[in-house]
Each structure stands twice: as C-alpha cells, then as structure tokens.
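Asks: Take a look at the following structure, please.
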Amino acid sequence: MDIDLQIRIATFNWLSEQTDTFGDVLSRKLLQQGFEFKNQRVPLVAPNGIFKPKIMDLPLTITTTTQGPYDDDLDLDKDNFLNYRYRGTNANHHDNVGLRRVFEQQKPLVYLHSIEPSKYLAFWPVYIISDDPANLTFKAALDNIETLQKDEYAYSGIGEGTLGRRAYLTSTVKIRLHQKSFRERVLRAYKSQCALCRLKHPELLDAAHIIPDSLPESTYSVKNGLSLCKLHHAAYDRLLLGVTPDFEIHVREDILLEEDGPVLQHGLIGLHERKISLPKFKKQWPNQDALAWRYKKFVNAE
C-alpha cells in the first residue's frame, strides 16, 4: 500500500476514534490539530476549502463552510451527487489541479461541512466522480468505508451498482446535516440545558422536535425544538408529559398517582404545572401553534 493511501486510511481511523469520543460534531480546533503519522502532523482543515497537508502530494479534505464564498452549500444534483465548486475561477489553480489528480487516481477524501461556526460534520470516504471545468465544478460522492477494505480504491471504472450505492449514501448527507445543525442550534438557544429540569450536560441533551420530523409539516427551525435531557425527551415522545401553548408542563394523571422512588418524584411528578425555561430571544421561543398541536396529542393519550 502506498504512503498516500496509508495516510488516508489513518485519517479515516482517527476520525472514527474522534466521533466515538466526541460525537458526530467535531470542533475546528480538533480538526486543525489533527494527528501524527510517522512523527509528522496531519491537520485536516485550513482556510482554503481544498486542503493538502504538507506530508502529502494530493488533497486530503474538501470543506464547505457556513456562509462561505462559494455556492456549494450541499448543492446536490438530480442524481443526489454533490456539486463542489472549484477554488476561484482558474481551472488550473494548484488546488483544482490537485483535486483533479485525486479524481484521476480515484483517491478517497474527507468531506467536512460546517453546521455552526467552528463545528463540523465529517464524511468519509468521499470520491470525486467527475470534473466539469466549464462550470468550475467537481462532482463528489460518499461511499462505504468497506470499499477500502475490499481494495476498491484503485480506479478501474465505475459500475452502475457503485454509482447507485454512492448516490444513495450521498443523499443521506443532507439529512444528517439538518439533524445535527438542528441539535446544535436548539441547544445553543437553550444555553445547553434541559428546558424542563435545567440539566447542563450537553452529552445528556437532545433537540426534541415538537412536531415530529417524521411528519411533512415538521421543520428544522429552532421554534420547532425543545432542549431536553434524555429522560424528558423520552417522556415527551411517549406522551408521559406535555407542554401547553403557555409553556406549562403537565404530567399524565396516572403518573401523578404513582409512587416509584425519587427519580419519578423529582424527575417527572415534581415538574407538574411548572413553566419550562425559554430561550433568551423571543424569536427562538417554541411555536405556540406547534405546542398546541402536540399538547392535544398528550391530552388525547391520557
């Protein structure tokens, strides 16, 4: 295995370790620091979107930044592949030439997409599958990590099955971006605490949809979200408690009559008829029509 591919696989392994430790959302500081490979530092991000660490001859990562200068903010074409803009307008800029060589040699990349300032989701392995100089655009696709283990990284033509698999996997990127961005924005609005019990450990918090995301009328707006700890998210989803349009917590009547230790008493029963904590800015408060819709579900379940 050549040194280039060794570094790429080491990068994928490192990213897997970081997401296991910190979750899917990684900080820019962590990505800038990167990891060591044979006593040399391998960072993963830099100001330019097409990035090549000094240790390598070809780019390792491509990045889309929130409100960046290009219009490739997850621009998916009709086939669900990602359109990624050239750097600048010169097709022969060294970054564009480097990415073109990655395409020609079918080297796997990391795709980084910011969901909040200095916070990123990482996707790998990503392949450049076409180059369109006339429109200053590369086309990229996500694939399974297992393809590397099967030595499919060597370019020998892309079959229809491969394209179909990559199109499906790339289409899921947008869903993950929306979900993770929603969580980050909701938790930030609620100052990283549960709106019901004020627990302040982000690793124990979720962004709960008021109108479930399985319904077409659901949105990823902060106003359709509540920052809830794992316990209260589960209780809210299972209609053990509800929140009125006036932001008051109601616990289901049969739960109020139970006697089952301190968690039930303080974690649920003690919240009955208390107000939830609200974001500082009123424009981020929960949508009252959405709360009314969800509260009706709660009442009907009692």
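The values are calculated or read from the model by the stated rules, or taken from the named source; none is laboratory data. Remember, predicted model here, so these are calculated numbers, not experimental data. All Cβ positions, glycine included, derive from the backbone under ideal geometry; neighbour counts span all protein chains shown.
Asks: Residue 97: touching a residue at least 40 places away in the same chain (Cβ under 8 Å) and assigned by TED's automatic domain parsing to the domain that holds residue 121, yes or no?
Replies: no
Asks: Among the residues of segment 212-223, count how many are free of Cβ contacts under 8 Å to residues at least 60 places away in the same chain and out of contact with any helix residue (DSSP H, G or I) (no Cβ under 7 Å at 6 or more places or on another chain).
Replies: 7
Asks: Residue check: is residue 115 at pLDDT below 95 and of a type in the set (A, V, I, L, M)?
Replies: yes
Results for (1) outside the structural domain of residue 277 (by TED's automatic domain parsing); (2) aromatic (Phe, Trp, Tyr); (3) assigned to a helix (DSSP H, G or I), shown as yes or no for each residue.
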position	(1), (2), (3)
177	yes, no, yes
200	no, no, no
208	no, no, no
228	no, no, no
231	no, no, yes
245	no, no, no
250	no, no, no
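Asks: Given the options 196, 226, name the one that is surrounded by 16 or more Cβ atoms within 10 Å (Cβ to Cβ), at pLDDT 95 or above and either in contact with a helix residue (DSSP H, G or I) (Cβ under 6 Å, 6 or more places away or on another chain) or among the aromatic types (Phe, Trp, Tyr) (or both).
Replies: Only one candidate qualifies: 196.
Asks: So which of 140, 189 ends up being within 15 Å of residue 76 (Cα to Cα), modelled with pLDDT of 90 or more and not charged (D, E, K, R)?
Replies: None of the other options fit; the residue is 140.
Asks: Of all residues being exposed (fewer than 12 other Cβ atoms within 10 Å of the Cβ) and assigned to a helix (DSSP H, G or I) in segment 143-163, which is modelled with the highest pLDDT? Just the residue, please.
Replies: Residue satisfying both the conditions and the ranking: 146.
Asks: I've got another one for you. For segment 73-94, what are the residues that are in a strand (DSSP E or B), touching a residue at least 40 places away in the same chain (Cβ under 8 Å) and not hydrophobic (A, V, I, L, M, F, W, C)?
Replies: Across segment 73-94, the qualifying residues are 83, 84, 85.
Asks: Could you tell me how many of the residues in segment 28-46 are among the β-branched types (Val, Ile, Thr) and farther than 9 Å from residue 10 by Cβ?
Replies: 1
Asks: Pairs please, first residue from segment 246-260 and farther than 18 Å from residue 227 by Cα, second anywhere and assigned to a loop (DSSP other than H, G, I, E, B), Cβ atoms under 6 Å, 6+ apart in sequence or on different chains.
Replies: 252/240; 252/302; 253/302; 255/240; 255/268
Asks: Among (1) in contact (Cβ under 8 Å) with a residue 24 or more places away in the chain; (2) surrounded by fewer than 16 Cβ atoms within 10 Å (Cβ to Cβ); (3) not in a helix (DSSP H, G or I), where does residue 19 come up short?
Replies: In the conditions (1) in contact (Cβ under 8 Å) with a residue 24 or more places away in the chain; (2) surrounded by fewer than 16 Cβ atoms within 10 Å (Cβ to Cβ); (3) not in a helix (DSSP H, G or I), residue 19 misses (3) alone.
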